[in-house]
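Novice: Quick one: structure below, then a few questions.
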There are 2 protein chains.
Amino acid sequence: MSSPSRFDVLISEVGPRDGLQSISTTMSTAHKCAWIDGLVASGVQEIEVGSFVSPKLLPQMADAAQIVTHAIQHSGVTVMALVPNIKGAEAAMRAGVHKITLPVSASPAHSMANVRKTHQQMVEEVRAIAQLRDDLAPQVHIEAGISTAFGCTLQGLVPEDDVIALSVACVAAGANESGLSDTTGMANPAQVKRLFTRLRSELGDHAGAAHMHNTRGLGLANCLAAYEAGVRTFDASQAGLGGCPYAPGASGNVVTEDLVFMFEAMGIRTGIDIERLLAARNALAAGLPGEALYGMLPPAGLPKGFVPHPYSTH
Amino acid sequence: MSSPSRFDVLISEVGPRDGLQSISTTMSTAHKCAWIDGLVASGVQEIEVGSFVSPKLLPQMADAAQIVTHAIQHSGVTVMALVPNIKGAEAAMRAGVHKITLPVSASPAHSMANVRKTHQQMVEEVRAIAQLRDDLAPQVHIEAGISTAFGCTLQGLVPEDDVIALSVACVAAGANESGLSDTTGMANPAQVKRLFTRLRSELGDHAGAAHMHNTRGLGLANCLAAYEAGVRTFDASQAGLGGCPYAPGASGNVVTEDLVFMFEAMGIRTGIDIERLLAARNALAAGLPGEALYGMLPPAGLPKGFVPHPYSTH
């Protein structure tokens, strides 16, 4: 599900979850649906549409079930949601998601701040969620996203052995895949290549997505390094919305528009029509008037003479 | 001179030329000198300090000879200047530069717009400058910087054969080296790797620097690709100042701060102390009040737990 079938790489759009939960404004349900429709129309094949958490904690995500109900009407699109625990996982599965992603922090300090759980408790949560999935919705795919995998704003360096051990434990506990997240924007290309090479050697096809941030400008270089290490699924957020509200100073997902442009320019097929992706950005802007939108491609435009792949989307 | 001796890569700071000539404000001579002093104090080993062009065309560069006189007082620093023609080359050599760089555009349309010369005329200019150098200042190093090497905002695609042929012709005409410039911010990492691999295979040690722009966000990814192709000299501009006034829409040199951070984080030694580099940014800001400064590292700061290489500079 996370390995691209028809194209060379899979861009997993996380803006409707990671982006929207990181800003104070709450986008209306109708605007969220319109934005998701725009993303699907551009050819995006996987979307993290919301987070099944307490609406007291994240009121921006209170309509997650409604958004899932809307998004799953699109055929050929994998609809994902983030869940922090088994309660959220059950709600997500009952809402009809195709895939859930559970953040598991490699930094004990970040894990306690984010979900008040130790590594071992999180691995047990993965195991319980996988058992629930087997009973309730066996078709649902579970991803353990190892956050702070490249460093932590609270703890600083995170030992690479800990990151790999935690990924392996999550897959052993029943996750279908485990990806690595640069939650805090501290990764560098050498580290990304080294860690993903090791992850893929340990987990094979259970090695998951690269989730990179652009906090220090290295987002695309890190995606390039991950690609060279064999990664084929990349999280990105339209207009660079998002970050992590519990990792201070760690803002800025990789911008989907810029990432798709990089790959398409290199001849690596994403399946996404860039012009339509830029149109989806307008839907995002309409739902968040006054919010700062990021990205270098959108103001610069496609280069003269650039011939995008001809995608016939939907 | 352009191949780093003591460190792994050479960062060639082009801000005092490329940056300052691209903005309408003219920085005072005293502020330029203070900025250059700050760059040198951080460990920068090569600086393009000005452009020897008509002050009517670029009044920002009118004090180029004074700046050279100041900069060459620093030992261990290669002082470069841009020259558009033999007249500028003679002035630069008489001022005492160590190295001159001559932009030679791979796009005929851009070449005519920029210097009103054809490829053949530019190669003849290189030959004349090399002969003058042999007579006047044989220690001066000549770089032919192939501009619009990755695409042109006027012409669109630029054939790779043309780029390589022009580089080879410039070296045959007497240039010590030939680098490639993404003047227009149209390069992608696959193209960068392909072209620099080919350039190095044709020219060996006469293959020069990668001069990348961040117009569409790919600047650092392109530098990473160039590094992987064997390039060891990288042009960058502090605070991302600069672009090309004759290639519309092509703004944004790679930001020195972000590039140095990328390499240092990867364990690739630049010789530049990041904290002191950030201090030099303050000297730049003091000389250009109100001017927009770019870069992701400066606002984010160094990651927690990041241990820079200990450089004892000057």
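Novice: Select from segment A:158-199 the residues that are among the small types (Gly, Ala, Ser) and at pLDDT below 95 and list them in ascending order.
Specialist: So the first thing to find is which residues in segment A:158-199 are among the small types (Gly, Ala, Ser), and the list is A:165, A:167, A:169, A:172-175, A:178-179, A:181, A:185, A:187, A:190.
Once the filter is applied, which keeps residues that are among the small types (Gly, Ala, Ser) and at pLDDT below 95, segment A:158-199 yields only A:185.
Novice: Name the residue, out of B:111, B:51, B:42, that is in contact with a helix residue (DSSP H, G or I) (Cβ under 9 Å, 6 or more places away or on another chain), hydroxyl-bearing (Ser, Thr, Tyr) and more than 28 Å from residue B:30 (Cβ to Cβ).
Specialist: Details: B:51 fails: more than 28 Å from residue B:30 (Cβ to Cβ); B:42 fails: more than 28 Å from residue B:30 (Cβ to Cβ).
That would be B:111, the only listed residue that is in contact with a helix residue (DSSP H, G or I) (Cβ under 9 Å, 6 or more places away or on another chain), hydroxyl-bearing (Ser, Thr, Tyr) and more than 28 Å from residue B:30 (Cβ to Cβ).
Novice: Among the listed residues A:271, A:204, A:208, which satisfies the condition of being away from chain B (no Cβ under 14 Å), closer than 30 Å to residue A:142 by Cα, part of a strand (DSSP E or B) and at pLDDT 95 or above?
Specialist: Working: A:271 fails: part of a strand (DSSP E or B); A:204 fails: part of a strand (DSSP E or B).
A:208 is the lone residue from the list that is away from chain B (no Cβ under 14 Å), closer than 30 Å to residue A:142 by Cα, part of a strand (DSSP E or B) and at pLDDT 95 or above.
Novice: Here is a follow-up. Test residue B:113 against the criterion of being under 22 Å from residue B:153 (Cα atoms), in contact (Cβ under 8 Å) with a residue 60 or more places away in the chain and surrounded by fewer than 20 Cβ atoms within 10 Å (Cβ to Cβ), and give yes or no.
Specialist: Working: under 22 Å from residue B:153 (Cα atoms): yes; in contact (Cβ under 8 Å) with a residue 60 or more places away in the chain: yes; surrounded by fewer than 20 Cβ atoms within 10 Å (Cβ to Cβ): yes.
In short, yes.
Novice: Applying the selection to segment A:274-314, what residues are in a loop (DSSP other than H, G, I, E, B), hydrophobic (A, V, I, L, M, F, W, C) and away from every other protein chain (no Cβ under 11 Å)? Give the steps one after another, and end with the answer.
Specialist: We begin by selecting, within segment A:274-314, every residue in a loop (DSSP other than H, G, I, E, B); these are A:288-296, A:301-314.
Keeping just the survivors that are hydrophobic (A, V, I, L, M, F, W, C) gives A:288, A:292-293, A:296, A:302, A:306-307.
Result: A:288, A:292, A:293.
Novice: Looking only at segment A:179-201, which residues are away from chain B (no Cβ under 14 Å) and assigned to a helix (DSSP H, G or I)? Break it down into steps so the answer makes sense when it comes.
Specialist: Looking only at segment A:179-201, we keep the residues that are away from chain B (no Cβ under 14 Å), and these are A:179-181, A:196-201.
The answer is A:196, A:197, A:198, A:199, A:200, A:201.
Novice: Mind listing just one residue for me: the one in segment A:224-264 that is out of contact with any Gly (no Cβ under 7 Å at 6 or more places or on another chain) and modelled with pLDDT under 95 and, of those, nearest to the other protein chains (Cβ to nearest Cβ)?
Specialist: Step by step, filter segment A:224-264, then rank; the result is A:249.
Novice: Please give the number of the condition residue B:140 fails out of (1) surrounded by fewer than 24 Cβ atoms within 10 Å (Cβ to Cβ); (2) touching a residue at least 60 places away in the same chain (Cβ under 8 Å).
Specialist: Only one criterion is unmet by residue B:140, namely (2).
Novice: For residue A:14, which of the numbered conditions (1) over 30 Å from residue A:155 (Cβ atoms); (2) crowded, with 20+ Cβ neighbours inside 10 Å fails to hold?
Specialist: Tallying (1) over 30 Å from residue A:155 (Cβ atoms); (2) crowded, with 20+ Cβ neighbours inside 10 Å, residue A:14 fails exactly one: (1).
Novice: May I ask you to list the residues in segment A:20-79 that are over 19 Å from residue A:286 (Cα atoms), surrounded by fewer than 20 Cβ atoms within 10 Å (Cβ to Cβ), modelled with pLDDT of 95 or more and hydrophobic (A, V, I, L, M, F, W, C)?
Specialist: Correct list: A:62, A:65, A:72.
Novice: Given the criterion of a type outside the set (Lys, Arg) and without any contact (Cβ under 8 Å) to a residue 60 or more places away in the chain, identify the matching residue among A:157, A:166.
Specialist: On the way: A:166 fails: without any contact (Cβ under 8 Å) to a residue 60 or more places away in the chain.
Exactly one residue qualifies, and that residue is A:157.
The values are calculated or read from the model by the stated rules, or taken from the named source; none is laboratory data. This one's a predicted model, so the numbers in the text were calculated from it and none came from an experiment. Virtual Cβ from ideal backbone geometry, glycine too; neighbours counted across all protein chains shown.
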